[in-house]
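Asker: Quick one: the structure is below, questions incoming.
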Amino acid sequence: MAQQENKPDSAGTNKKNIETKKPPSKKIAITFDNLPGDQIYTIKERAKINKDILVALKKHKVPATGFVIGEYVEGEDWESIVSWLENGQTLGYHTYTGQEIQGMPMGLFISDIIKGKDAIEDLVSTYKQKMRFFRFPYLHYAGDTKTKLTIVELLIKMNTRIAHVSITTEDFVYNMSLEKILLMGDSTDMYYLRQEYLNHLTEQIAKFEDLAKEVVGRPIRHILQLRTNRLNSLLLDDILTEIADKGYQFITLRDALKDKVYRKPDEYYGDKGFSFLERIKYSDSE
């Protein structure tokens, strides 16, 4: 009796030979606003905050960009700013005073942008950083088309890219809770705050992943906004572990901004500090 052949299934191939394709890697850039840190901290506290952030970034081999408020870069704070570049990270800038555009005369806002760049220009040039990045304080962009075009034209002349944000967080709220907990010395509250904050970050990432699919119909290269505060300095190791465990590849801000989504028309002129995805969404709805 002849031995029966091992026949393929109806698709013409053996199921065990079917290779499952891995989904494309998700990508995210990590950024920090308000370097070298809030003025509620002492110089030594700000130095510790920056050091701890840089240690966590190095441990996870994560490239990051920090946005400097030029007015704060004085005295010993300068060393914290330099340490970012010494650790192979990138610097961008806010306005020199850190003030937002709303309620500020146009001419003064323009000069504040220029001074913000000048405050770190010699430093980033010394470290041969090629790109320049500007982020609007509080993510408040111009209130009308003419003003926005004026600012965009200025930034182009200054060889500067606008550093949009796709994922926003309320880390400043959790940081205020942290400062209260540290005053009381309650380790139990600290444990719960850690869990709540990490859950918040997870929810925000999922929220903006869904919004990207809604607005542009696909996953995008995300840009996460964090702030240079004590909360993020203490929990950045956990934050980066959580993000990596969700399948994200950490990329530079420069690489993230290559995504075409950041070249989509943005005609939102409201007063909300929206992520760029929200700005696109509400531009389309107007």
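Just so you know, all these numbers are worked out from the coordinates, no wet-lab data involved. Computed from a prediction, not measured in an experiment: that's the story for all the values here. Cβ coordinates were reconstructed from backbone atoms using ideal geometry, including for glycine residues, and neighbour counts include every protein chain displayed.
Asker: Whole-Hz Karplus ³J(HN,Hα) for the range 158-174, in order, using 6.51 cos²θ - 1.76 cosθ + 1.60 and θ = phi - 60°, x for Gly and Pro?
Answerer: Taking θ as phi minus 60°, the curve returns 8, 6, 10, 9, 6, 8, 5, 10, 9, 10, 9, 9, 10, 4, 5, 5, 5 Hz for the range 158-174.
Asker: May I pose another question? Using alpha carbons only, how many degrees (0 to 90, rounded to 10) separate the axis of helix 276-285 from the longest principal axis of the chain?
Answerer: 80
Asker: Please compute P(r) over all alpha-carbon pairs of the range 153-205, binned at 10 Å starting from zero, and give each bin as a whole-number percent.
Answerer: Histogram of Cα-Cα distances, whole percents per bin: 21, 34, 18, 17, 9, 1.
Asker: Something else about it: Just how large is the dipole of the range 24-285 about the Cα centre, in debye to the nearest 20, putting +1 at every Lys and Arg Cβ and -1 at every Asp and Glu Cβ?
Answerer: The calculated dipole for the range 24-285 is roughly 1180 debye.
Asker: Pulled fully out, how much extra length does the chain show between D238 and E79, if you take 0.36 nm times their separation in residues and subtract their Cα-Cα distance?
Answerer: Roughly 54.6 nm would be gained on extension.
Asker: Once amide H atoms are built 1.01 Å from N in the peptide plane, which residues 5 or more positions from F32, or in another chain, come under 5 Å H to H?
Answerer: T65, G66, F67, L226
Asker: Percent relative contact order of the chain, based on C-alpha pairs within less than 8 angstrom and at least six residues apart?
Answerer: 27
Asker: May I ask for the angle, rounded to the nearest 10°, between helix 230-245 and the longest principal axis of the chain, with both axes built from Cα atoms and the value confined to 0 to 90°?
Answerer: Tilt of helix 230-245: around 20 degrees.
Asker: Related question: Amide H neighbours of F134 under 5 Å, counting only residues 5+ apart in sequence or on other chains, H built in-plane at 1.01 Å?
Answerer: Close amide H contacts, sequence-distant or interchain: Y93, R161, I162, A163.
Asker: Let me ask another. Per the Debye formula with a single identical scatterer at each Cα and no solvent contribution, what log10 I(q)/I(0) holds for the range 147-271 at q = 0.18 Å⁻¹?
Answerer: Debye curve over Cα of the range 147-271, log10 I(q)/I(0) at q = 0.18 Å⁻¹: -1.07.
Asker: Short version: ³J(HN,Hα) in whole Hz for each residue of the range 134-141, in order, from phi by Karplus 6.51 cos²θ - 1.76 cosθ + 1.60 (θ = phi - 60°), x for Gly and Pro, what are they?
Answerer: Ordered by residue, 3J(HN,Hα) equals 10, 10, 4, x, 6, 6, 9, 8 Hz.
Asker: Want the number for K246 to S187: 0.36 nm per residue separation, take away the alpha-carbon distance, what's left?
Answerer: 18.5 nm
Asker: Fully extended, how many nm does the chain gain between K207 and K264 (0.36 nm per residue separation, minus their Cα-Cα distance)?
Answerer: 18.5 nm
Asker: Any idea what diffusion coefficient the chain gets from Stokes-Einstein, in µm²/s, Kirkwood Rh on alpha carbon pairs, 4 °C, 1.567 mPa s?
Answerer: My calculation gives 63 µm²/s for D.
Asker: Follow-up. On a 0 to 90 degree scale, rounded to 10, what angle separates helix 145-157 from the longest Cα axis of the chain?
Answerer: Taking the Cα atoms of the chain, the angle to 145-157 is about 90 degrees.
Asker: Return the loop-located trypsin sites (Lys or Arg not before Pro) in the range 190-268 (DSSP other than H, G, I, E, B) with at most 14 other Cβ atoms within 10 Å of their own Cβ; answer none if there are none.
Answerer: In loop regions of the range 190-268 (DSSP not H, G, I, E or B), the sparsely surrounded trypsin sites (Lys or Arg not before Pro) are K246, K258.
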